[in-house]
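Visitor: This is the structure I have questions about; it appears just below.
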Amino acid sequence: MHDWTIIATHSDWIAATFELVLRDATQTERHLQFEAVEHVVLDRSEPWGPSASINEVMASEDRAEGGIRVVFELQSGGAVHVSAGSCRMDGELFSF
C-alpha cells in the first residue's frame, strides 16, 4: 500500500464500522472496511510536510481479543490507527 492515497474516511458509530477510501497505484478507488471497530485515531500532524499518501502499513493480530490492529503511517508523518475485529477490501475478507 506504499504510495496509495487516502481520499476519505467514513465511520458509522452504531454499526461500529470504519472505512478508508483509497486510491491505489493504478489510480483505482479502493474501499478498506473495518468491522467491529473498537478504536480509531486520526493523526493529521504533518511534521514531514503535507501528504495524503501512505508510507508504511504495520499490522498485528490481537490473539487475546480476536482482532487486528493496523497503523497506516502517512508520508506526512501523521498516522491512522485502527483496532477492529476484521477487515474487508472492496467487500472481500482482507488480511495484512
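Visitor: Between a first residue in the stretch 73-96 that is open to solvent by 70 Å² or more (accessible area, probe 1.4 Å) and a second residue that is acidic (Asp, Glu), which pairs have beta carbons less than 7 Å apart while being 6 or more apart in sequence or on different chains?
Guide: From the stretch 73-96, no pairs qualify.
Visitor: Can you tell me which residue is farthest from the chain's Cα centre (by Cα) among those in the stretch 45-73 that are small (Gly, Ala, Ser) and closer than 23 Å to ALA8 by Cα?
Guide: GLY49
Visitor: Would you pick out the residues in the stretch 37-51 that are open to solvent by less than 60 Å² (accessible area, probe 1.4 Å) and under 21 Å from ARG88 (Cα atoms)?
Guide: Result: VAL37, VAL40, VAL41.
Visitor: Further question on the same structure: What number of residues within the stretch 1-44 satisfy the criterion of being over 10 Å from the mean Cα position of the chain (by Cα), closer than 15 Å to PHE72 by Cα and among the polar types (S, T, N, Q)?
Guide: 1
Visitor: Just give me the residues in the stretch 2-16 being surrounded by 16 or more Cβ atoms within 10 Å (Cβ to Cβ) and not aromatic (Phe, Trp, Tyr), in sequence order.
Guide: Scanning the stretch 2-16 gives THR5, ILE6.
Visitor: Next up: Inside the stretch 52-72, can you point out the residues that are outside any strand (DSSP E or B) and open to solvent by less than 70 Å² (accessible area, probe 1.4 Å)?
Guide: ALA52, GLY66
The values are calculated or read from the model by the stated rules, or taken from the named source; none is laboratory data. These numbers were taken from a predicted model, which means no experiment stands behind them. Neighbour counts run over all protein chains shown; Cβ positions are idealised from the backbone, glycine included. SASA here: full protein model, heavy atoms, side chains in, ligands and nucleic acids out. Shrake-Rupley method; radii C 1.70, N 1.55, O 1.52, S 1.80 Å.
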